[in-house]
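Computed from the coordinates by the stated procedures, all read-outs in this text should not be read as laboratory data. None of the values given here were measured: they were computed from a predicted structure. When we count neighbours, we look across all protein chains shown, and the Cβ atoms used for this are built from the backbone with ideal geometry, even at glycine.
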């Protein structure tokens, strides 16, 4: 069961800078020489999950939900899904990953007695001059990333990529909502204007 949550977190991969609630960060790039208007069909070719190849026939419900998000976006852009054997114009490949991120933040100086510490700052506290040291707060997050690659199948050449990152939530459904927003944002300007 634990690996299913990890897979879900991987699938929902989305970064956000240090716990930002603004949602997923999305970056896209494309090959300017590609003729996006010539692409009419696509096929899902598989995914890489935590560095391991997962075939297109994988039926994991968590992975399926992410795949369906991408398929919906491509269909909304007028592309038709076919099988890999039908020689599609584009092949869709997904990459997932989760990384632990630690944020250490200094909140200022804390008064107190620190014997043996090399403290050069002093503050007047409780009627006496005492050495002070910075207070630090450590926060740990799981940062997920989802990468969507579209490759021109006839040339086996990458033509478009979206990288979606965010700090993951403890609740699975919130992660799926964040993934849906990130995928929609990635495909907002697809196909890219020439």
TODO: Evaluate E = 1/(1 + (r/R0)^6) for residue 189 and residue 138, where r is the Cβ-Cβ distance and R0 equals 45 Å; express this FRET efficiency to the nearest 0.05.
DONE: 0.75
- [ ] Go ahead and run the numbers for FRET between residue 129 and residue 100, Cβ-Cβ distance against an R0 of 45 Å, rounding to 0.05.
- [x] 0.65
Task: Modelled FRET efficiency - R0 25 Å, residue 33 with residue 60, Cβ distances, 0.05 increments - done: 0.10
- [ ] Output the peptides 61-68, 75-82, 160-167, 41-48 sorted from most to least packed, where packing is the average of other Cβ atoms within 10 Å over each peptide's residues.
- [x] 160-167, 41-48, 61-68, 75-82
Open item on the list: Over the Cα atoms, compute the radius of gyration (one decimal) and Dmax (the largest Cα-Cα distance, rounded to a whole number) for the stretch 137-187, in Å.
Closed with: 14.5, 52
